[in-house]
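To start, the structure itself, in structure tokens.
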Amino acid sequence: MNKPCAPKLKNNLSNLFIITGACGTGKSSLVPGLKKPFPDFEVYDFDDYGVPENPTVEWRREATLHWLEIVRDKALRQTKTILAGLIAPADIQEFTRDSNLTIRFCLLDIDQEERAFRLIKRGATQELIDDLEELTDFPQWLSESIFEYIVIDTTKLTIGEVTEKVTEWIEVF
């Protein structure tokens with residue numbers, strides 16, 4: 001399921017590591033734990049852009065462009081960046097053509113039942129959970145993309161365990 005990784009690029013200072021997945025997989029919870037092992041990286045939570053009450057696909061694309069502009073600026077300074085959020089590979093493929101970035105994806109995946117449990121615990125309605133079902137196509141979106149990626153199933157993992165796995169993935173590069 002994972003695309004093979006390219007050779008280690010420790011000298012490539014313009015890496016972008018995108019941690020993506022559907023709501024409830026642990027993306028935002030993971031961000032604070034990634035700042036300590038990567039003090040020289042810029043680490044961002046996609047939701048810091050500001051999430052409207054009823055986010056739309058257009059809002060997600062607008063937010064993605066906002067973050068890509070920040071990442072482009074950081075890349076010019078040869079800064080490594082971690083961006084965690086609901087980012088679809090198709091929304092950034094065009095961006096990579098004009099960029100000197102090496103972009104890698106980590107998909108946080110989750111069992112649907114556990115995802116619903118986590119979202120309800122956060123106050124989501126069943127209606128919202130049903131509306132978000134379209135976001136379960138991430139594995140297909142990634143497999144059809146041009147990007148290298150790994151998949152981490154967060155269903156039975158604590159946030160500490162997820163942070164450990166993501167840290168190990170990033171450290172390879």
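Quick notes on this one:
- Residue check for LEU86: assigned to a loop (DSSP other than H, G, I, E, B), closer than 21 Å to ALA124 by Cβ and among the hydrophobic types (A, V, I, L, M, F, W, C): yes
- Residue that is modelled with the highest pLDDT, among those in region 1-27 that are open to solvent by 60 Å² or more (accessible area, probe 1.4 Å) and hydrophobic (A, V, I, L, M, F, W, C): MET1
- Odd one out for ASP98 among (1) modelled with pLDDT under 80; (2) closer than 24 Å to GLU164 by Cα; (3) open to solvent by 70 Å² or more (accessible area, probe 1.4 Å): (2)
- Matching entry among LEU157, LEU128, LEU119 (being at pLDDT 90 or above and among the aliphatic types (A, V, I, L, M)): LEU157
- Of all residues making up region 28-59, the number that are open to solvent by 80 Å² or more (accessible area, probe 1.4 Å) and in a loop (DSSP other than H, G, I, E, B): 5
- Selection within region 106-125 - in a loop (DSSP other than H, G, I, E, B) and open to solvent by 70 Å² or more (accessible area, probe 1.4 Å): ASP111, ARG122, THR125
The values are calculated or read from the model by the stated rules, or taken from the named source; none is laboratory data. Keep in mind that what you see is a predicted model, and the values were worked out from it rather than measured. So basically every Cβ, Gly included, is an ideal-geometry build from the backbone, and we count neighbours across all protein chains shown. We work out accessible area using only protein heavy atoms, side chains counted, and drop any ligands, DNA or RNA first. Shrake-Rupley method; radii C 1.70, N 1.55, O 1.52, S 1.80 Å.
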